[in-house]
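**Q** Please read through the structure below; I'll follow up with questions.
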Amino acid sequence: MTKLQDLIDLAKEPSSEKRRVLLREVTDLFFANPDHRGGELTLFDDVLTQLAGEMEEAVRVELAVRLAPTPSPPFKLVRTLAADEAIAVAQPILEGSPALTDEDLVAVAKKRGQAHLKAISRRPIISEAVSDVIVERGDDETLGVLLHNDGAQLSRQAHEAAVDRAGANPELQEAVVNRRDLPVDLLNDMYFAVEAKLRSKILERNAQVDPEALEAALAAGRKRVAAQDGALPDDYEAAERDVRNMVARKALTPKALASMLRNRESTRFMVALAELAGIDFHTARVILERRELDALAIVCKAADFERSLFLTFAVLVLDRESDPMGRAKQYGDLYTELPKESAQRTLRFWRMRRQSPDLAA
């Protein structure tokens, strides 16, 4: 303790070079016996914090690197370094200090910019409370760092925000789909936004979901679906009346859908497909207007439509493209290889849109 007191007395030294040496000596003294308690630790904390605040960035960086792995450092000093405006100083502490609490991390995350948020996003373990702030304040690049960190825990709300943002930014999509803790209903929300490789991953994961988890995911998903999915076509009400009449007459069959496509009755086809497959109109509309034939294959396979009928749909949907027969055959092979159980599980997620309005009201 006498040595420490001597160093404190030297703190009045005006020379910056000597004060730099003093800071290193006090730090060395701390590390010589890091198991400090009570008033002694408080004294170290006060002296080091005062001296560090007067030092240039390079010295503060050196101090941060030394203190970052310490489980019981001078706590005021560590918090000060974590909030340092210079990311070179803050980064070692934010990324690796086990002494920072969630409250400390949230305070920095709310105050500092993207570089600090990225550093926090690389910590080995990140709580939901901290992740929520990062998702709220971080840009897409920062969000990508967080999503790639398996040690980051994300709340339902944070996952929903990540899915929404990934829908508009392809660079985030793989990171979202690859998260093992992503709720399955949100994973399926990604289906129409991602490329074929990631769609295959979604189908593979659907096949692994047990029935109880599936029901829980569906219940959570119903609360998320928005009430509006865009304006309905002008002829929607007339098409809906026609389809209801066909249902009443038991005339709504898969083959009737093909006739609607041949006659270019797009809205009637979408309403009828939604009725037969048990999905919502918006999903049927996305399938037709974007020519999502792999999604159409899922619907037809789950509804047990014949492969030949699916091929007819494919040719009609692709009629304005070059070589529609060749492309239809490719999708026919996809239809054949697609497991019916996997298609049915995926379709259940799409069907929850149909069930959501009453529950969301």
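The values are calculated or read from the model by the stated rules, or taken from the named source; none is laboratory data. Quantities reported herein were computed from a predicted structural model and do not represent experimental measurements. Please note: Cβ atoms are built from the backbone with ideal geometry, for glycine as well, and neighbour counts cover all protein chains shown.
**Q** Filter the range 10-48 down to the residues that are surrounded by fewer than 15 Cβ atoms within 10 Å (Cβ to Cβ) and polar (S, T, N, Q), then identify the one that is modelled with the highest pLDDT.
**A** Among those residues, the one meeting the criterion is Thr42.
**Q** Looking at the range 236-286, what helices (runs of 4 or more DSSP H) fall wholly within it and have at least 1 residues that are without any contact (Cβ under 8 Å) to a residue 40 or more places away in the chain and among the aromatic types (Phe, Trp, Tyr)? Steps first, answer last, please.
**A** On the way: elements: 236-248, 254-262, 266-277.
In the range 236-286, 266-277 are the helices (runs of 4 or more DSSP H) which contain 1 or more residues that are without any contact (Cβ under 8 Å) to a residue 40 or more places away in the chain and among the aromatic types (Phe, Trp, Tyr).
**Q** Looking only at the range 291-318, filter to residues that are under 33 Å from the mean Cα position of the chain (by Cα) and of a type in the set (Lys, Arg); which one of those is farthest from Phe192 (Cα to Cα)?
**A** This residue is Lys301.
**Q** While we're looking at this one, here's another question. Glu204: under 14 Å from Leu143 (Cα atoms) and assigned to a helix (DSSP H, G or I), yes or no? It would help to see each step written out before you state the result.
**A** Values: under 14 Å from Leu143 (Cα atoms): no; assigned to a helix (DSSP H, G or I): yes.
Taking the combined requirement at face value, the residue does not satisfy it.
**Q** Which members of the range 96-113 meet the condition of being buried (at least 16 other Cβ atoms within 10 Å of the Cβ) and assigned to a helix (DSSP H, G or I)? Show your work before the answer.
**A** Looking only at the range 96-113, we keep the residues that are buried (at least 16 other Cβ atoms within 10 Å of the Cβ), and these are 96-97, 99-100, 104-109, 112.
Within the range 96-113, Gly96, Asp104, Leu105, Val106, Ala107, Val108, Ala109 qualify.
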